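Undergrad: I'd like to ask you about the structure that follows.
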Amino acid sequence: MASKHVGHAIGIDLGTKYSCVAVWDDKNGGAKIIHNEQGNRTTPSCVAFTDSHRLVGDAAKNQAPFNPKNTIFDAKRLIGRKLSDSIIQADLNLWPFKVVAGVNDKPMISVEYKGEEKLLAAEEISSMILTKMKEIAEAFLESPVKNAVITVPAYFNDSQRKATQDAGAIAGLNIMKIINEPTAAALAYGLQKRGNCSEERNVFVFDLGGGTFDVSLVTIKDDVYEVKATAGDTHLGGEDFDNRMIDFFVKDFNKKNKVDISENPRSLRRLRTACERAKMNLSFVKETTIEVDSLFQGIDFCSLMTRSKFEELNKDLFVKCMDTVEKCLADAKVDKNSVHDVVLVGGSSRIPKLQNLVQEFFLGKDLCKSINPDEAVAYGAAVQAALLAENLSIAPDLVLLDVTPLSLGISIKGDIMCVLIPRNSMIPTKHEKLFGTFEDNQSAAKIAVYEGERTRASDNNLLGLFCLSDLNPSPRRHPIKVCFDLDENGVLKVYAEESKTGKKKEITIVNEKGRLTAQEIKRMIQEAEMYKDDDDKFKEKVEAKIALEEYVYKMSAFMEDAKVSSKIKSSQKKNIEAAIGEGRELLDGNQQKVETADFENCLHKLRSIFDPIIV
Ligand code: ADP
Ligand code: MG
């Protein structure tokens, strides 16, 4: 069990598109979703860089059309992957920002910040979003927050989980636990809808978001939540449906106008926004029109999209979703007849066709749509955070048992995958196995650790390679014990030991997947402080400017009010007008050249002239 933590503990759903933060509320015996400063309960997972400052969340998303190259989204698609990963390669064409290869083929996002190029890892972008969510919670709780539970797609692999932990560390958070998104949703469902169930219930969670798809079968009995199986796709979601529509219209536009807009990022971006809006509308209406003024070379774009056309464009993707549902049930060894509740979460689960398919699959069962699909994951994360936190008197008393999504093993002779921990094993777990050396007097044993379901080891995902060296000279089949230790976050440690001598070695997966080193994380924490410093300075400057603006406004209003201004001497009037002029000049001038102190000094001067007059 994880140790108890002191202080507030929050739950963060770090989504591809939107993030959401919640905290346990003792008074109401439930989690509370915290709204951001714009009053929104979810915050865009978006970070932007300009020549003067950095923006995170709504502010970043709002300026995206004017600054596409420096507005970063989709960091969750990049995290824990290599640049050469085919999934990343396919996405590269669609992103308006630049991604280049770093050390070990690690994808690095290139942005221009304050006129200089900066290379950022996906972990850093994610850490900025986490920091934002932390600040949203701190504003609400009126106290600092250190502890958090972060959710990841159940189907995230070892490197993606570790990279998410790193992002938390850079954000200065103490990550109490990483939990799976559908599991969090099941927790939210169990607590909000079911109360205490003494009968065992099989709950199927269908979570389709912006970029990822996750399903889980969870059984709930009394206070025990046990994940029986999980399945998913870390690259299937709303954005793929948008892409299908975009492709369709690009071709259509080409046919009608004989021009290709696919090379123009700005046109594509505008078409993308319009397509996503149309897709969302189609969840409520049967047809919708898409209009983009002057989409390309002055040509306006206007077209109709029907719900049935949209469904046809995405038919195979919808079928793929249902295959995953089937796989999960098979793994859980639960018949669809025995599923009591089907819970839909994630923005894309609002698509009517998908709802029909899911309902049909579960033989007409009513789907539970009453928990908020955008908030359920953060809600569950906050419940888990409360469970791990110390300061709560009436935290819910639950037990959560989760599983690992992918089989873990090592490569043995003939490139065969020898599984030590089968997929859907309950975590935490530990497995060991004895292996023999291949040759007589073998001096070292190479151990390659893989995750995945394919028989041939090299078809799976290589997590790391290590070598147990200086073995005692012995005949072949000299025993070596390999031990896999999977912690409650689904993060793996591997040890190998020469049985006879007890010589031990622990694997370091750092380089294989381009995981950040402790040093890099330290540097990134320092840089995060620098960004925060810049942000604070920027905020101070804005505040100083607003204070001056308000004061100048007050002075002008005074002068315009003949009744009051007529009472003062003309020399004073002259002074005031000159001061107003000076203030305006500063406010309207080149803001790059003005410092916070300039605004403050000016305000000070104006006050010394005007304050004595109005007293
Ligand atoms: P994530 O967890 O990946 O950030 P969300 O669960 O917030 O994603 O879902 C975002 C996705 O849901 C986006 O692709 C968005 O277009 C899609 N979405 C939101 N509302 C609707 C709707 N009414 N119909 C179809 N898709 C929707
Ligand atoms: Mg989500």
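The values are calculated or read from the model by the stated rules, or taken from the named source; none is laboratory data. Given the structure is predicted, the values throughout are model-derived calculations rather than measurements. Cβ placement follows ideal geometry from the backbone for every residue including glycine, while neighbour counts extend to all protein chains displayed.
Undergrad: May I ask you to verify whether Leu420 is modelled with pLDDT of 90 or more and loosely packed, with under 14 Cβ neighbours inside 10 Å?
TA: For Leu420, the condition - modelled with pLDDT of 90 or more and loosely packed, with under 14 Cβ neighbours inside 10 Å - is not met.
Undergrad: Examine segment 153-173 for a residue that is at pLDDT below 90 and under 24 Å from Gly30 (Cβ atoms), and state whether such a residue exists.
TA: Yes: segment 153-173 contains one or more residues that are at pLDDT below 90 and under 24 Å from Gly30 (Cβ atoms).
Undergrad: Out of Pro144, Pro96, report the one residue that is touching a residue at least 40 places away in the same chain (Cβ under 8 Å), outside any helix (DSSP H, G or I) and in contact with an Asp or Glu (Cβ under 7 Å, 6 or more places away or on another chain).
TA: Pro144 is the lone residue from the list that is touching a residue at least 40 places away in the same chain (Cβ under 8 Å), outside any helix (DSSP H, G or I) and in contact with an Asp or Glu (Cβ under 7 Å, 6 or more places away or on another chain).
Undergrad: From the list Gly80, Gly115, pick out the single residue that is within 19 Å of the chain's Cα centre (by Cα), over 19 Å from Thr273 (Cα atoms) and either more than 15 Å from ligand 1 (Cβ to nearest atom) or aliphatic (A, V, I, L, M) (or both).
TA: Residue meeting the stated conditions: Gly80.
Conditions tested, residue by residue: (1) basic (Lys, Arg); (2) outside any strand (DSSP E or B); (3) closer than 17 Å to Asp374 by Cα.
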residue	(1), (2), (3)
Gly210	no, yes, yes
Thr219	no, no, no
His235	no, yes, no
Phe248	no, yes, no
Leu268	no, yes, no
Ala278	no, yes, no
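Undergrad: Related question: Let me confirm something: among Ser348, Ser308, which residue is modelled with pLDDT of 95 or more, hydroxyl-bearing (Ser, Thr, Tyr) and under 23 Å from the mean Cα position of the chain (by Cα)?
TA: That would be Ser348, the only listed residue that is modelled with pLDDT of 95 or more, hydroxyl-bearing (Ser, Thr, Tyr) and under 23 Å from the mean Cα position of the chain (by Cα).
Undergrad: If you don't mind, there's one more thing I want to ask. (1) farther than 15 Å from Ala382 by Cα; (2) at pLDDT 95 or above; (3) in contact with an Asp or Glu (Cβ under 7 Å, 6 or more places away or on another chain); (4) within 16 Å of ligand 2 (Cβ to nearest atom): which one isn't true of Thr16, the others all being true?
TA: (2)
Undergrad: A further question on this structure: Would you be able to say whether some residue in segment 222-232 is away from ligand 2 (no atom under 14 Å from the Cβ) and assigned to a loop (DSSP other than H, G, I, E, B)?
TA: yes
Undergrad: Sticking with this structure for a sec: Show the residue pairs meeting these rules: Cβ distance below 9 Å; 6+ apart or different chains; first residue within segment 424-438 and assigned to a strand (DSSP E or B); second residue among the hydroxyl-bearing types (Ser, Thr, Tyr).
TA: Met426/Thr404; Ile427/Thr404; Thr429/Thr404; His431/Ser425; Glu432/Tyr495; Leu434/Ser499
Undergrad: Another question, if that's okay. For segment 555-573, give me the residue count where each residue is touching a residue at least 24 places away in the same chain (Cβ under 8 Å) and in a helix (DSSP H, G or I).
TA: 4
Residues are listed down the side, and each one gets a yes or a no for (1) buried (at least 23 other Cβ atoms within 10 Å of the Cβ); (2) aromatic (Phe, Trp, Tyr); (3) within 23 Å of Gly380 (Cα to Cα):
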| site | (1), (2), (3) |
| --- | --- |
| Arg201 | no, no, yes |
| Thr230 | yes, no, yes |
| Arg244 | no, no, no |
| Lys256 | no, no, no |
| Asp260 | no, no, no |
| Asn264 | no, no, no |
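Undergrad: Another question, if that's okay. Identify, please: which residue in segment 20-63 is more than 16 Å from Ile129 (Cβ to Cβ) and among the hydroxyl-bearing types (Ser, Thr, Tyr) and is, among those, surrounded by the most Cβ atoms within 10 Å (Cβ to Cβ)?
TA: Out of the qualifying residues, it is Thr50.
Undergrad: On to the next question. Tell me, yes or no, whether segment 296-310 has at least one residue that is within 28 Å of Thr230 (Cβ to Cβ) and part of a helix (DSSP H, G or I).
TA: Within segment 296-310, none of the residues are within 28 Å of Thr230 (Cβ to Cβ) and part of a helix (DSSP H, G or I).
Undergrad: Those residues that are under 21 Å from Val399 (Cα atoms) and of a type in the set (S, T, N, Q), I need them from segment 412-437; list them, please.
TA: Asn424, Ser425, Thr429
Undergrad: Of all residues in segment 179-199, count the ones that are surrounded by fewer than 24 Cβ atoms within 10 Å (Cβ to Cβ) and among the hydrophobic types (A, V, I, L, M, F, W, C).
TA: 2
Undergrad: Among the residues of segment 194-211, count how many are within 16 Å of ligand 2 (Cβ to nearest atom) and either of a type in the set (Gly, Ala, Ser) or at pLDDT below 90 (or both).
TA: So the count comes out to 3.
Undergrad: I'm checking my understanding of the structure. Among residues of segment 56-77 that are among the hydrophobic types (A, V, I, L, M, F, W, C) and in contact with an Asp or Glu (Cβ under 9 Å, 6 or more places away or on another chain), which one is farthest from ligand 2 (Cβ to nearest atom)?
TA: Among residues in segment 56-77 that are among the hydrophobic types (A, V, I, L, M, F, W, C) and in contact with an Asp or Glu (Cβ under 9 Å, 6 or more places away or on another chain), the one farthest from ligand 2 (Cβ to nearest atom) is Val56.
Undergrad: Could I ask something else about it? Provide a single number: the residues in segment 345-382 that are within 16 Å of ligand 2 (Cβ to nearest atom), in contact with a strand residue (DSSP E or B) (Cβ under 6 Å, 6 or more places away or on another chain) and not charged (D, E, K, R).
TA: Going through segment 345-382 one residue at a time, the tally reaches 11.
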